[in-house]
1. Along the Cα-to-C-beta direction of A:Asp185, a point sits 7 Å from the Cα; which residues of segment A:135-168 have their amide N less than 16 Å from that point?
2. Per DSSP H run of n ≥ 4, the term is -39500 (n - 2.57); total these for chain A, divide by its residue number, and report the mean residue ellipticity at 222 nm rounded to 500 deg cm²/dmol.
3. Name the residues of segment C:7-34 whose amide N is less than 15 Å from a point 7 angstrom out from the Cα of C:Asn77 along the C-beta direction?
4. Enumerate the calculated ³J(HN,Hα) couplings along segment B:197-205 in order (Karplus 6.51 cos²θ - 1.76 cosθ + 1.60, θ = phi - 60°), each rounded to whole Hz, writing x wherever the residue is Gly or Pro.
5. Please tell me the relative contact order of segment A:79-207 in percent, rounded to the nearest whole number, where contacts are Cα pairs under 8 Å and at least six residues apart.
6. For the protein assembly as shown, give me the percentage of DSSP beta bridges that are antiparallel, rounded to the nearest 5 percent.
7. Compare A:Ala174, A:Ala125, A:Ala208 in a GNM of chain A, Cα atoms joined below 10 Å, and give the one with the largest fluctuation.
8. Looking at chain B as a GNM with Cα springs under 10 Å, which of B:Glu43, B:Glu85, B:Glu65 has the largest mean-square fluctuation?
Amino acid sequence: MIRVTAVSHYLQPVHEGTAPPPLDAALKQVCQENFRRIDRFIELALLGSGRCARGRALAPDCGLYLGSGMGPMVGNIACQEQLIRDRELPMPFDFINTLGNSAGYYVAKNLGLGGQNQFISRRGASFAAVLTAALVDLECGAVSQALLGVVEEAPAPVAEHRRRQGLAADAAVAEGSHWLLLERDARTGYRVEREQVARYAAAAPRAAIFHDSIGGAWVTERLEKGENCTLADGDAARGWELFHFRA
Amino acid sequence: MHPVGIRGVGLSCALGLNAVDCVTRLFAGAVVPDRLRLDHVAEPVELSYYRIPDDAPPFDPRRFERLVPAVVREALSGAGLDEDERRRLPVYLGSSCFSIGYSESHYAAALAAQAPDAFPMPCCGYGDLAELARGAAGSVGPVFLYNTACTSAANALLGAQRALASGRHEYALVVGAELANRTTLAGFSSMQLLAQRLLPFAAERSGIVLGEGVGAVLLSAHPEAGDYLLHGGANNCDSHSVTTADPRGESVAAVLRQALDITGTEEVWGIRTHGTGSGAGDVAEAAGLRKTFGAMPPLSALKPWLGHTLGACGVNELVLYRGALQRGRLPALADAGTPDPELGVQALTQQTDAPSGRYLLNHFGFGGNNTALVLERP
Amino acid sequence: MDREILKRDLKELIVVECQKNHIQPDRIGDDDILIGSSGDLGLDSLDALQIALAVKKKYGKRIDGGKATRMALKSVNSLADFILAD
């Protein structure tokens, strides 16, 4: 039986004209060293994964599954501005951090992980994608433990980011980092069970605030509060897979 | 571990516009890369680059709209999937740059038109290419987009194999896609990783040569007699450096050992190395290989033929290597340079027979991400 | 260009570009070894690339992979020499 043995949830609204709060103090609590050359995306990944794993014993084969619908934004934006607008080569640190697994590198370094390290995306449903990949690996025995999470940035200017995501001009946006620790053969924690259904009607109440992985945010928020929940993945065309989290 | 069958393949790379032509060209002598000019930066950069011969302007992202459907159709042709099976196909896709070319073009055009609201990364997320693949296949299945630098497509193959082995799907479509774009070329130039010639494991090696390639593989959960088999493999990471694996080869050796153990593989008849020709990358791979194998199996390095296709190389080079094995031969380099005594390994310079049995496929990427897969020739 | 001002600016550039936030620029010695795990600042080859590109953008002098120009990155003094040379 696969169970959730730890959860972390970070959701921060981002407003016009004000930068999101610095994470230095929060990172000090979960980071083994003062990492440099990291951007906001990596900070969010370190924060969420660090909080989730804090105080837990991570197995030597613990797999890391990081997802994001939008991916690292600030680094990509910097590269595009340097290259396309300023007609210059991008700075090496900015370029390296555009790769999805740079964040995975720092998370692994921080938590002492040496096993699987994946970055998987699915627009609007990255949490379901990494959850699926982690469950497949747990069930087949490739890993005994999986640390999975999603990270989304909300880079400034906020108005541009709304347009980038096709949101209404007054939509509330947020950055987020949402993580679960799953274990095979744990005795306590939410049970994770899957069910395939052809039709699914119940709409999970969505937060009024938006980022691409808001589904993941909803799950980790519920679990942190001690509430059972069900994540629905799929659509009318292919049917639904329901992930039930039950205490 | 339950192996999956390779039921169809497609490929477009510097060697040609379909898998058969590409494999034929693999045995027809060395390939000299093209020259590509990055000329919209203030100081133009000219570099060696392996281009797909599709007669299209190199940085036009709309090339994906022809190339991705083409390789998907090629992989599905002859596989006999019915409409329902196609609808249910999941798509696993690996790339480093995805379709960033659209963002580059739109931003550049907005700036050129002096649009007051021009902003960078207008097209974001990684999903465009998977939509092209699903459209060509007639699929509404789930999508998994892998972005782990050079191991992306290899990790997509591994994810697909495990999902099929678990019974989640009957078939899976795995795609690797990497096309020339300004960001990747400028980024690698800025990191001073590029060379004129790609010489894996050679003393004279001085860096990588990039290439573009789009490939597709159709996997079946129920292998049939005569199918090449993908047995699965392993993925790990090390925290040595954000650009390369530990040069002592520990994490490389660990992933090779895990891939062999998890697939129950005792004998390996050949290894398709990652072999990028980079100073540090080849050191880590060579060290890991020597730690793992007493008697070294024949080593093939394919990147001198198609370039380093980054996130897509796992699929592109699987298609090529399988094609070579189908001919019963391991490809050899016309010129592998001078052996480097510090590495202690060298890629094949003479073609040799490829018997039935198992073969190892290596992939190592930025951030110390390592993936090894096991392929079997029936 | 005043050499003292240049050296001060270079120290600030190094701290900013390499995100060595806990170091005061004026604590970097003119002859401190910049690159290498046995160096005084503990910067690596990726930092070297970042500094090289920042120097190119600010001062127009290119530091490529060649040995002669790599020597420019040895210390703040050698970097100042490189930039001031014709």
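Just so you know, all these numbers are worked out from the coordinates, no wet-lab data involved. On a predicted model such as this, the values are computed, not experimentally measured, just so you know. When we count neighbours, we look across all protein chains shown, and the Cβ atoms used for this are built from the backbone with ideal geometry, even at glycine.
1. What the label zone holds, given the 16 Å backbone N cut-off, is A:138-146.
2. After summing the helix terms and dividing by the residues of chain A, the value is -9500 deg cm²/dmol.
3. Of the residues in segment C:7-34, C:7-8, C:28-34 have backbone N under 15 Å from the label point off C:Asn77.
4. 10, 9, 10, x, 6, 8, 4, 8, 4
5. Worked out over segment A:79-207, it gives 16 percent.
6. Beta bridges within the protein assembly as shown, antiparallel portion: roughly 75 percent.
7. Per the Cα network of chain A with a 10 Å cutoff, A:Ala208 tops the list.
8. Of B:Glu43, B:Glu85, B:Glu65, the Gaussian network model singles out B:Glu43 as fluctuating most.
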